[in-house]
1. So which residues in segment A:33-46 are out of contact with any helix residue (DSSP H, G or I) (no Cβ under 8 Å at 6 or more places or on another chain) and either within 11 Å of chain B (Cβ to nearest Cβ) or without any contact (Cβ under 8 Å) to a residue 12 or more places away in the chain (or both)?
2. Just to check your reading of the model, which residue among A:Asp180, A:Asp174, A:Asp212 is modelled with pLDDT of 90 or more and farther than 14 Å from A:Thr18 by Cβ?
3. Which of the residues belonging to segment B:106-128 are outside any loop (DSSP other than H, G, I, E, B), away from every other protein chain (no Cβ under 12 Å) and either among the hydroxyl-bearing types (Ser, Thr, Tyr) or under 15 Å from the mean Cα position of the chain (by Cα) (or both)?
4. Among (1) closer than 28 Å to A:Met111 by Cα; (2) at pLDDT 95 or above; (3) over 15 Å from the mean Cα position of the chain (by Cα), there is one condition A:Val169 misses while meeting the rest; what is its number?
5. Kindly list the number of the only condition in (1) within 14 Å of the chain's Cα centre (by Cα); (2) more than 16 Å from B:Phe11 (Cα to Cα); (3) modelled with pLDDT under 75 that fails for B:Gly99.
6. For A:Glu171, indicate whether it is of a type in the set (Asp, Glu), in contact with a helix residue (DSSP H, G or I) (Cβ under 9 Å, 6 or more places away or on another chain) and within 12 Å of chain B (Cβ to nearest Cβ).
7. With the requirement that a residue be open to solvent by 40 Å² or more (accessible area, probe 1.4 Å), out of contact with any Gly (no Cβ under 6 Å at 6 or more places or on another chain) and not polar (S, T, N, Q), what does segment A:12-62 give you?
8. Restricting to segment A:112-129, name every residue that is hydrophobic (A, V, I, L, M, F, W, C) and buried (at least 22 other Cβ atoms within 10 Å of the Cβ).
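The values are calculated or read from the model by the stated rules, or taken from the named source; none is laboratory data. Keep in mind that what you see is a predicted model, and the values were worked out from it rather than measured. Counting neighbours? That spans all protein chains shown, and the Cβs are built from the backbone with ideal geometry, glycine included. When the accessible area is computed, the model is the full protein with side chains, heavy atoms only, and any ligands, DNA or RNA have been set aside. Shrake-Rupley method; radii C 1.70, N 1.55, O 1.52, S 1.80 Å.
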2 protein chains.
Amino acid sequence: MKYQNAVLVCFSGGQDSTTCLFWALKHFSQVEAVCFTYGQKHSLEIEVARKIAEDASVPFYLLDVSLIGQLAPSSLTDSSIEIDKEKPAGNYPNTFVPGRNMVFLTFAAIMARSKNIFHLVTGVSEADYSGYPDCRDTFIRSLNVTLNLAMDEQFVLHTPLMNRDKSEVWELSDQLGVFDLVRTQTLTCYNGVIAGGCGECPACKLRRDGLDTYLKRKNNQ
Amino acid sequence: MKYQNAVLVCFSGGQDSTTCLFWALKHFSQVEAVCFTYGQKHSLEIEVARKIAEDASVPFYLLDVSLIGQLAPSSLTDSSIEIDKEKPAGNYPNTFVPGRNMVFLTFAAIMARSKNIFHLVTGVSEADYSGYPDCRDTFIRSLNVTLNLAMDEQFVLHTPLMNRDKSEVWELSDQLGVFDLVRTQTLTCYNGVIAGGCGECPACKLRRDGLDTYLKRKNNQ
């Protein structure tokens, strides 16, 4: 299936959005990528994203939304806050930046519109462990309507990972022919270590567990 | 009616948002104000807003969302994209950013949440409909739902001017006891002239026509 259209991918250089980038390259005739910086502790993440996009000949744009980090401190932007190792009971982990995906997708839509692009891709998943409200399908659908009303346009938000757990994201990258690229070039680790990562933070554990599950499943086939 | 709650007002120091500020002071026990700057404003406008807020003992916050300027095609940073030398025919003026109110209200909500405030006020109106879709009631209601889903909160967006034309906004300011304050201290003029303004720009004409209509109606009562 080809949408015969242009698409803008929200792209961070992590496992999920890199898989989305190559999903978009398969399904759309023109792909561009936008990366958001908001005071992440690891600026290496941006360089990782830029290189992956450039290697794939995808135009890469960087938007500085560091204002968001000033509005609501989280452990991803404030080095004085230690990253939660576990999800606190009855609360979101302190890696949660409230409204982050809403800000990203709103700016992405405004930028896309200026380029006459009305398809957007985001790598959010509600199969993810954290339960962030702005990763849920209901939120994305509501946002899609709100964006269309805000600008009187017909945006379409695509969420190819929405119902995939991490092992299924690995599977998708394998189907797209970029399993090795995702495994060796992406950065998911909260501590800024590329590929396999630090091995200790929640993002690394999630990534590795998903990989183990996928490889086990694949080898049993 | 008192909501017995705290509220954050999107406040520019113009006629509409100043009227909203005093509407909020009547209906809420705690009022704060946030002003957005993104480069195109006369800096006098910010000082006007700050003074009105200070005189009313309302905490005043300024958020720099000049990122919006990065979204214009001429500001994109990728050298492979040819920069538009002229504004596209049949399009919005290049000072207008579609989705602007969505950006403002999203940041206002994130800021409000960090202060444990869940009521927001914006002075948008669909009565003096400017052609901007992000002033319509339907958009605001959709945005309210999306914000609540994004952050798993219960924000309430208030739009006291939604169905008032300019003469009715003057009437409201009179009812709130701030008719003279709005008339002499607010800045609506595109050319940055306080109170009555330059008298020539569309904003001045709209303001003056509304004032004439209101005073005529009042004097006939």
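1. A:Ser43, the sole residue that qualifies.
2. Only one candidate passes the filter, namely A:Asp212.
3. B:Leu120, B:Val121, listed by residue number.
4. (3)
5. Against the list (1) within 14 Å of the chain's Cα centre (by Cα); (2) more than 16 Å from B:Phe11 (Cα to Cα); (3) modelled with pLDDT under 75, B:Gly99 comes up short only on (3).
6. no
7. A:Leu25, A:Lys26, A:Lys41, A:Glu47, A:Arg50, A:Lys51, A:Glu54, A:Asp55, A:Leu62
8. Listed by number, the residues that qualify are A:Ala112, A:Leu120, A:Val121, A:Val124.
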